[in-house]
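First comes the structure, then the notes that go with it.
The values are calculated or read from the model by the stated rules, or taken from the named source; none is laboratory data. Because the structure is a prediction, the values reported are computed rather than measured. We place every Cβ from the backbone using ideal geometry, glycine too, and count neighbours over all the protein chains shown.
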Amino acid sequence: MAALTRPARMRIRAAATGEGRAIAALWRELWDAHETWGGYPGSRDPRVYAELAHRLDDDARIRAGHPVLGRHIHLVADYGGLVCGQVEGWFERHGVDPATPFTCEVRSLVVGERARHFGAGRALLDTLSRAARDLAGAAPCVMAAEVLEPNPAMAFYARVGYAPVAWNARIDAEAGAAAPAGRFAARIAEPRDALAIARLEILLAARRHASGDLRFDAPRAVDPTTVDAIAAHLASAARGFALDRRDAETLVVHDRTGQVRGVASFTVHGLEPPFLPLRRGLIGRIALDPAVTVAPLLSPLLTLGCKFALSLGVSKVELTDLSQPRTELYDAALGFGASAWSRVVIRSE
């Protein structure tokens, strides 16, 4: 009787020491694809990927066969004994309300080109989801991923139950900084703005939940504790804008009487290898007075953020956490000169 051969099986597991080079090759494949979709460029220096492989092997040695290390989850897809895919997850809670779900942010999901019809992507996400649920215990948990607009994986995420809840755009910092002034002006927030900011952030929370984005706290009434906390945070920040700061600055837009009509955050941080050593600017947490047309309020916030970005050597600024296309906020961002960049998709577990 002829010998029977068993077909290779897909297995999702923790990475093993010695597989760093194979995983680094997957990362190289992912970053090259991201660049073709307009994403940040990755290195083409083989020494960068050799160092990455070394770090991945060290990480696997520390994990000793366990995919979870602290808040970080790392899984690989093994097909017939060879690594053909990988995914990372970052587990955290965005908020202070105990009712707010935990979030597992999906990062670096990639399946090698030769193994994209064996269900590796779905299996990686499903296993990551189970690990996140285990970390969450009895608390609710959502899976979230940011997907570049041209990325064909957008259709894959839809097939496995992810739905878009937030949209991001990107703008050239030099062009944004040169926008003409209007009847509103923007500046860095001060402690005296705390009450106005607290009220505006209720609108932000309501907009998020209306879009189905459960990653953040639900709207709640302004109370003295919240206002005091915002004021203390603003007071602790250095006066003006410190060029070496990496954490978010709060920006406000006000009318000619000084009344605060909108708020946003501005953040800059560096991209780590295997990306090229660039700095990434983000303007987010945008909340605007609904009594005023959006575009005149948004423009000075974006202009100020772009000026800060240029002073820090940042050429592109992402506008995050926008409402869906064909809404006033999203259209105002595109009217300012931004272009569609990515969207956040989530699945509740």
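At a glance:
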item	result
In the range 178-194, the residues that are surrounded by 15 or more Cβ atoms within 10 Å (Cβ to Cβ), touching a strand residue (DSSP E or B) at 6+ places or on another chain (Cβ under 9 Å) and not in a loop (DSSP other than H, G, I, E, B)	ALA185, ALA186, ILE188, ASP193
Condition check for GLY38: more than 30 Å from ARG215 (Cα to Cα), of a type outside the set (Lys, Arg) and modelled with pLDDT of 90 or more	no
Qualifying residue in the range 110-132 (condition: in contact with a Phe, Trp or Tyr (Cβ under 9 Å, 6 or more places away or on another chain), within 23 Å of LEU322 (Cβ to Cβ) and surrounded by 19 or more Cβ atoms within 10 Å (Cβ to Cβ))	no
Some residue of the range 276-287 being farther than 29 Å from ALA163 by Cα, among the β-branched types (Val, Ile, Thr) and crowded, with 18+ Cβ neighbours inside 10 Å	no
Failed item, numbered, when HIS233 is tested on (1) under 22 Å from the mean Cα position of the chain (by Cα); (2) modelled with pLDDT under 95	(1)
Filter result for MET154 (over 15 Å from the mean Cα position of the chain (by Cα) and touching a residue at least 60 places away in the same chain (Cβ under 8 Å))	yes
Selection within the range 49-72 - crowded, with 17+ Cβ neighbours inside 10 Å and in contact (Cβ under 8 Å) with a residue 60 or more places away in the chain	TYR49, LEU52, PRO67, VAL68
Filtered residues of the range 17-66 (kept if more than 24 Å from ARG279 (Cβ to Cβ), in a helix (DSSP H, G or I), over 21 Å from the mean Cα position of the chain (by Cα) and acidic (Asp, Glu))	ASP57, ASP58, ASP59
Answer from LEU251, LEU329, LEU276 - the residue that is modelled with pLDDT under 95 and within 22 Å of the chain's Cα centre (by Cα)	LEU276
Selection status of LEU4, hydrophobic (A, V, I, L, M, F, W, C), loosely packed, with under 15 Cβ neighbours inside 10 Å and either outside any strand (DSSP E or B) or at pLDDT 95 or above (or both)	yes
Flag for ARG159 being within 27 Å of LEU334 (Cβ to Cβ) and either exposed (fewer than 14 other Cβ atoms within 10 Å of the Cβ) or among the basic types (Lys, Arg) (or both)	no
Any hit, the range 256-279, residues being touching a residue at least 60 places away in the same chain (Cβ under 8 Å), touching an Asp or Glu at 6+ places or on another chain (Cβ under 9 Å) and closer than 30 Å to ALA24 by Cα	yes
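So that you can scan it fast, the table gives a plain yes or no per residue for (1) hydrophobic (A, V, I, L, M, F, W, C); (2) out of contact with any Cys (no Cβ under 9 Å at 6 or more places or on another chain); (3) farther than 22 Å from ASP57 by Cα:
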residue	(1), (2), (3)
VAL68	yes, yes, no
HIS74	no, yes, no
ASP78	no, no, no
GLY85	no, yes, no
ARG93	no, yes, yes
THR100	no, yes, yes
GLU105	no, yes, yes
VAL111	yes, no, no
ALA115	yes, no, yes
